[in-house]
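Asker: This is the structure, below, for whatever I ask next.
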Amino acid sequence: MEKLRRVLSGQDDEEQGLTAQVLDSSSLSFSTRLKWFAICFVCGVFFSILGTGLLWLPGGIKLFAVFYTLGNLAALASTCFLMGPMKQLKKMFETTRLLATILMLLCLVLTLCAALWHKKGLALLFCILQFLSMTWYSLSYIPYARDAVIKCCSSVLS
């Protein structure tokens, strides 16, 4: 645990990773950032699961879309506790993930709009697109993950 703390706080001689860079930008303590990240992330997962459960109620597509989107927003916001909001925004709009970020945010907005305008089919379609775009966005933080997914999909399709 001490090795992890040294690496995350930038005191280790090894090359600084993403997590160590993240910790440099926040004035909150390591444990506070970690706690609020966990709380926000768990709330996001809870809202997503709650939305999925509400999907099966009569007229629940609207609640599903709203809670699913809130869950994704909370999970996305949870990383702000690790990085800090400005660093998060800078990383989101880097050239490597610019398209993924725009698609993800667009799907979040379109899902809410479709749900609030009572367009059930569109809301469900945008929820699916939201899931796919959020997954693609998340993969952009893992080195070579998107390349691996593309290779897997191309090998399955050929």
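Asker: In Å², and per residue, what accessible area does region 53-158 have when probed at 1.4 Å with the other protein chains present?
Answerer: In whole numbers, region 53-158 has 60 Å² accessible per residue.
Asker: From Cα pairs below 8 angstrom and at least 6 apart in sequence, can you work out the relative contact order of region 16-126, rounded to a whole percent?
Answerer: About 29 percent, as a whole number.
Asker: I need the peptides 134-143, 78-87 ranked by packing, meaning the mean over residues of other C-beta atoms within 10 angstrom, with the highest value on top. Intermediate results must be reported in sequence, preceding the final value.
Answerer: Numbers: 134-143: 15.4, 78-87: 18.3.
Ranking, from highest mean packing down: 78-87, 134-143.
Asker: Ignoring any ligand, DNA or RNA, what whole percent of the accessible area of region 63-158 comes from carbon and sulfur when the probe is 1.4 angstrom?
Answerer: 80 percent
Asker: Residue by residue through region 131-143, what is 3J(HN,Hα) from phi via Karplus (6.51 cos²θ - 1.76 cosθ + 1.60, θ = phi - 60°)? Round to whole Hz and write x for glycine and proline.
Answerer: Per residue, the Karplus-derived 3J(HN,Hα) values read 4, 5, 5, 5, 5, 5, 4, 5, 5, 5, 8, 9, x Hz.
Asker: Using the basic label-point model (7 angstrom from Cα toward the beta carbon), what is the Leu63 to Ser31 distance in nanometres?
Answerer: Label at Leu63, label at Ser31, 3.9 nm between them.
Asker: Also: May I ask for the Kirkwood hydrodynamic radius of region 23-125, worked out over all distinct Cα pairs and given in angstroms to one decimal? Display every interim value, and only then the final one.
Answerer: On the way: mean 1/r = 0.0679 Å⁻¹.
With all distinct Cα pairs of region 23-125 included, I get 14.7 Å.
The values are calculated or read from the model by the stated rules, or taken from the named source; none is laboratory data. Here the structure is a predicted model, which is why all the values come from computation and not from measurement. Backbone-built Cβ (ideal geometry, glycine too); neighbour counts: all protein chains shown. Calculation scope for accessible area: heavy atoms of the full protein, side chains included, ligands and nucleic acids excluded. Shrake-Rupley method; radii C 1.70, N 1.55, O 1.52, S 1.80 Å.
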